[in-house]
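The next block holds one structure in the form of structure tokens; read it before the comments.
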Amino acid sequence: MRKIGIFGLLSALLLTLTTSCSSSESKISELTIYSGRTEEYIAPYFAIWQRESGVKLNIRYGDSAELAAQILEEGKNSPADLFISQDAGSLGAVAEQGLLTPLPKDVAEGVPAKYIQGNREWVGLTARVRVFAYAPDRVKVLPTSFTDLSKPIYKDQVAIAPTNASFQAFLTAVISNKGLPFAEDWLRKVKANGVKIYPKNSAIIEAIDKGEVSIGLVNHYYVWEVAEALGRPINVKNGYFKANDLGNLINVSGVGILASSGKKAKAEDFINFLTSERIQSRFVSDIHEYSLLENISIPEDLPPLSDLGAPNIDLEVLKNTKKTQDLLIKVGLL
Amino acid sequence: MTTLEIKNLDVSFGEKKILDNLSFNLDSGQIAALLGPSGCGKTTLLRSIAGLIQPDAGTIRFGKQLVSLSSLSLPAHKRKIGYVPQEGALFPHLNIAQNIAFGIDRSAFTKEQIKQVVKEMLTLIDLVGLDKRMPNELSGGQQTRVALARALAVKPAMILLDEPFSALDAQLRAELRTDVIKLLRTQKTTAILVTHDREEALVSSDVVALMRDGKIMQQGSPEQVYSSPTSATTAMSTGDTLVLSAKRLVNGQTNYLFNPINLDANILEIGEVVIRPEEIKISKDLSSAKIIGEITKIDYYGHDAMVEIAVSNESVQVRIPGPAKYATGEKVALEHLGPIRFFANSKS
Amino acid sequence: MQLTKIPSTTGSLNSSINRGNTYKAIVLSLVFVVIALTLIPIFYLLMRAFQKPVAEIWALLFRPKTLEVVLTTSLLVVAVVALTALVGILIATGLHFVKLPFRATFLILLVIPLAIPSYVFTYTWIALLPSFSGFLAAVFILFLTTLPYVILASLAGLRRVDGSQIEVARSFGFNNAQIFFKVVLPQIRGHISGGVLLVGLYTMSDFGAVSLLNVDTLTVTIQNMYRASYDRNAAAVISLLLVFLSALFVITDERFKSKNLLNKTTKTTGTKVYTISSKPYQITLISVFAVNTLVAVAVPVYVLLTRFINNPVAIDWRSIATASISTVVVAFFGAVIALVLSIPIGVLLSEKPTRYSRITNRVILIGHALPGVVVGLALVAFGSKLGFIYQTTFLLAFAYALLFLAKSVASMSGSLAKVPEGAKEVAATLGMNKWAVLKNVVTPIAAPGIALGTTLVFLTAMKELPATLMLRPTGFETLATQIWSSAAISRFNEAAPYALVLLIIAAVPTFILSRPDRVDKALTTQEIRG
């Protein structure tokens, strides 16, 4: 009896081992993707590609930054062919170590140059806007700039997620635009104003809904995401700072091909698929993100990107997160 | 034929010398008792013989075979020794039959043969029918029997028993001891029994070795060690002993309590006379008495009694056969029947 | 019949002696290998940390935030340890001595929280009380999740307390409280310290509860730094700080234990059971059990069930089945690897303690405080260099073994030490060499305890998340990763079925763990006759 049990488990393990092995040796080419984008939101498009191209995708989901850390540890031995990230920072960090390969000109042709990294080592997929989410019934005076958040009227009411890559991208923009001392001063003031720390954007939205805080720095689409997850309307709205305020930063999710990949041609096909009009318009309608392609309509209920008065920040600078993190560590928010 | 020969054995634990240049021989088929107070090294000697301890120096031979030579030693599992430790140490996870069969070489015997041996052993130790019991379902005495059977089942060249009866109550102990000795004798097994019980040592063995401080002080038949001790100390280790100060005179006589001759003759040496309590006779007839004392205490044991008598300044213990006809406070005549064992004080 | 065929195996003195030394050499070299494997994460951390300039390391270590986090972590550990020790010992003592109906059921209910991962535990409490957050909440959750460790450890100790000693104390006129403090407690201190050790190290390494409750401990800081990814070196420095703190804890715990060196019993016979049947005791105990069951079992199960029922999305049973099988299989192999690795260590530790064995023990224990993310990344760094095992279930199972080795070693050395010295010696005189003794005497006697430790590793591995995320084969999902991927986007309803299935599967080994009395029976327990 006992022997059968162990044998059963053994064969089950062998099964799992062989399935992962046989797939890597099968004749149909396949791609391995490290995806920082959540399975829930991106898996349907992966499925379309698999169906249409016949190329199997092995997808490893995780947090963008953690996956970047993993790729950095793996170095040239990384099994990944592609890295899809929620933000420019993680892609930048991987590119900086020379782990991404420059994309040929004919890849992602529709994407404007400002959303493609200088060496073409990664390309933007969607845009998301930094906003402040707030409880309309509790916040009477809306902030006009991110600097307002250190004001006494918002004492103990503000939430941030310092570990979140989008927040770090925003802070990186502040540092590169206004200088390190300014950024440090602002962080310290906000901290002294009783800022509450959350692990991620969705947690901030929930905290506002629950009444723990009244206002929080997040990406624009979390309001829909959380409401959908909770299955009910929530008492949270998006707000925008004044034109050209760094708080309205546009960040992009993006994708790059690993320099160590042996399947670059297939990977390029895949990027072309993701940046095609068909898929891009699905991103807009399904997950409320902005497409980077110019001729695709904007998400429902959202102002056009051009109306946001988003600051003009080169996405290239957003990869310099080392300083940002040192700063966060220095002021004790990390 | 000599089965065991130990020469100049030394064992130390750290700074402490446990066995000190110890030598000991034992003939085939004999049962030896190692008698001594706790801490004298008897268990250590036993464990050295079993190969559980590696001596620092000296040799141990089984017959002609050298098993231990200074710091080299044959490991326990190659010595073919039966070992019965204190409280038996049965394997708690095995039943009685499995315990008994434990040491039997499975490659040399068939299952049937092993079964047969277990059955014989169970008969031998009188526990037929308990073969499926677990050790914790047996009484202490039964556990000891099983431990013995387990050791005997492999027909060892020699069997070592380390105070196997110490955990049992007196009556059970005596019964079991008788059984075990009988069993060992019928099997003609050479055996060494470690004990601190004087009676047990004398009753069970062909050879008694008296141990103290890592040395064997005297070795001989039970009669020998009891009747002819080599010192007051060895006398005391084998039985109740009366030690009286004495003086040996040049004329060969000995002056002591029971022989208060005058000391005109020159004193040759000063020492002690060692007397067993049963070597003194007492009587109510005081008429021809040389020595008279007064009974101060009577311990009555049924088959005999120990009477304490005050004589001059000494207190003398006398064993008399029961039933006692004396009373405390009674005056009695005393007479030493001999022999006079005189031991001169060591000249220091 | 006559046994005439006694084989003459007596070889020459020299060859036999050499074989004895071979045994020692093999054990020691295996210990060395295991220690080297255990040190992989620490080696990785040192390698990373010293890529930072020394000045920066100092700056990082002495910034106020670090101090604050160290303080929070220490306070959390002290609070959780004190609370679990106090409550755990009392519950165990009550369970052992007080005559109760449904004793076995109560024990299972007390131990079942072991089956609930701390992050699921926390989610459910947050779902029930939305404002549930902060330091005290973390103490509460960690107290509930680790309480079973102290209860189980104390019970194991209590079973060795001889009832006759208590009767002797009674005869001297001692009351129950005096007996508890003078007779019982001193004897079970060794066991308690073992349980407390697990509690403390678990608290230090926990990430799930503290991160959800917004308590900044060292593990949260480390994880944040890794999430912020580009500074793996800073994270390594803080991880080493955690290693240092756990070393401190291990040594403190050793002190506590060493004051009371348990007399190593060589008896194979057992102890007498002593019971109290007093109404007030029974009522108090049952109420305590009821409260514990309510907060530690009923709340999570209730919340998960309501979430499960309210879940509007169709449940993907296939995915649940696949994840369940994956979880069980990898955790099982993790436990088996841990078992194998712990054998040489256990053999070393069960023998006479030497300086080396003490150091070995410490190294193993200290590694236990490392959070999953550190071990995970260390194995990413090393494993990716060995392409063929990287992102295989084997490496993941190996990571589990490294993470939870201390649990397996503790039960291994404990069980081996329980084997009566006399039994080993007798076996030796009956012609068995060291290996045969190991096989025929030591293994069968120690097996139940070792199996228990392996079960504990299995149980813990099933709940593991951070290392699983990093080391699993791409596309390989366990119940824990499925819970994570739903919960990460706040879809708790969709996580509920996975959490429930995990709870049910984990309940099986928990059930086994909560019946050590069965196992113990085979070992030593026996009522004194007459």
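The values are calculated or read from the model by the stated rules, or taken from the named source; none is laboratory data. What you are looking at is a predicted structure, and each value in this text was computed from that prediction instead of being measured. A quick note on method: Cβ atoms are made from the backbone with ideal geometry, for glycine too, and the neighbour counts reach across all protein chains shown. Heads up: the accessible areas ignore ligands, DNA and RNA and are worked out on the full protein's heavy atoms, side chains in. Shrake-Rupley method; radii C 1.70, N 1.55, O 1.52, S 1.80 Å.
Tabulated data for the structure shown
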| read-out | value |
| --- | --- |
| Which listed residue is basic (Lys, Arg) and surrounded by 16 or more Cβ atoms within 10 Å (Cβ to Cβ), from A:LYS323, A:LYS266 | A:LYS266 |
| Strands (runs of 3 or more DSSP E) (entirely within the stretch A:41-159) containing at least 1 residues that are β-branched (Val, Ile, Thr) and more than 22 Å from C:ALA488 (Cβ to Cβ) | A:122-134 |
| The stretch A:26-56: number of residues that are open to solvent by less than 10 Å² (accessible area, probe 1.4 Å) and of a type in the set (A, V, I, L, M) | 4 |
| Any hit, the stretch A:160-176, residues being within 14 Å of another protein chain (Cβ to nearest Cβ), in contact with a Pro (Cβ under 7 Å, 6 or more places away or on another chain) and either open to solvent by 10 Å² or more (accessible area, probe 1.4 Å) or under 27 Å from C:ALA467 (Cα atoms) (or both) | yes |
| All helices (runs of 4 or more DSSP H) inside the stretch C:1-77 with 1 or more residues being of a type in the set (Lys, Arg) and modelled with pLDDT of 85 or more | C:40-49 |
| Which listed residue, of C:PRO344, C:PRO353, is assigned to a loop (DSSP other than H, G, I, E, B) and closer than 28 Å to C:TYR149 by Cβ | C:PRO353 |
| Set C:VAL437, C:VAL457: member being in contact with a helix residue (DSSP H, G or I) (Cβ under 7 Å, 6 or more places away or on another chain), without any contact (Cβ under 8 Å) to a residue 40 or more places away in the chain and either β-branched (Val, Ile, Thr) or not in a helix (DSSP H, G or I) (or both) | C:VAL437 |
| Selection within the stretch C:460-476 - more than 9 Å from chain A (Cβ to nearest Cβ) and not in a helix (DSSP H, G or I) | C:GLU464, C:LEU465 |
| Selection from the stretch A:191-202 of residues that are over 24 Å from the mean Cα position of the chain (by Cα) and surrounded by 18 or more Cβ atoms within 10 Å (Cβ to Cβ) | none |
| Residue in the stretch B:63-79 that is modelled with pLDDT of 90 or more, open to solvent by 40 Å² or more (accessible area, probe 1.4 Å) and at positive phi present | no |
| Exclusive hit being free of Cβ contacts under 8 Å to residues at least 12 places away in the same chain and either touching an Asp or Glu at 6+ places or on another chain (Cβ under 7 Å) or loosely packed, with under 15 Cβ neighbours inside 10 Å (or both), set B:SER221, B:SER245, B:SER228, B:SER287 | B:SER287 |
| Search result, residues across the stretch B:107-132 that are open to solvent by 100 Å² or more (accessible area, probe 1.4 Å) and either within 28 Å of B:GLU175 (Cα to Cα) or within 11 Å of another protein chain (Cβ to nearest Cβ) (or both) | B:SER107, B:GLU112, B:LYS115, B:LYS119, B:ASP126, B:VAL128, B:LYS132 |
| Matching strands (runs of 3 or more DSSP E) fully within the stretch B:220-301 where at least 2 residues are more than 20 Å from B:LEU334 (Cβ to Cβ) | B:242-249, B:267-275 |
| In the stretch C:364-389, residue most open to solvent (accessible area, probe 1.4 Å) [restricted to those that are assigned to a loop (DSSP other than H, G, I, E, B) and either over 16 Å from C:LEU37 (Cβ atoms) or charged (D, E, K, R) (or both)] | C:LYS385 |
| Exclusive hit being touching a residue at least 24 places away in the same chain (Cβ under 8 Å), touching a helix residue (DSSP H, G or I) at 6+ places or on another chain (Cβ under 6 Å) and open to solvent by less than 10 Å² (accessible area, probe 1.4 Å), set C:GLY200, C:GLY163 | C:GLY200 |
| Lone qualifier among C:VAL442, C:VAL426 - being within 25 Å of C:VAL34 (Cα to Cα) and either in contact with a strand residue (DSSP E or B) (Cβ under 9 Å, 6 or more places away or on another chain) or of a type in the set (A, V, I, L, M) (or both) | C:VAL442 |
| Near pairs, Cβ below 9 angstrom, 6+ apart or cross-chain, from the stretch C:29-46 (farther than 18 Å from C:TYR356 by Cβ) to any residue that is surrounded by fewer than 17 Cβ atoms within 10 Å (Cβ to Cβ) | C:PHE43/C:ALA36 |
| Selection within the stretch A:234-285 - within 28 Å of A:TYR61 (Cα to Cα), assigned to a loop (DSSP other than H, G, I, E, B) and of a type outside the set (Val, Ile, Thr) | A:LEU249, A:ALA259, A:SER260, A:SER261, A:GLY262, A:LYS263, A:SER276 |
| Extreme residue, nearest to the other protein chains (Cβ to nearest Cβ), among residues of the stretch A:281-334 that are free of Cβ contacts under 8 Å to residues at least 40 places away in the same chain, under 26 Å from A:ALA43 (Cβ atoms) and among the polar types (S, T, N, Q) | A:SER285 |
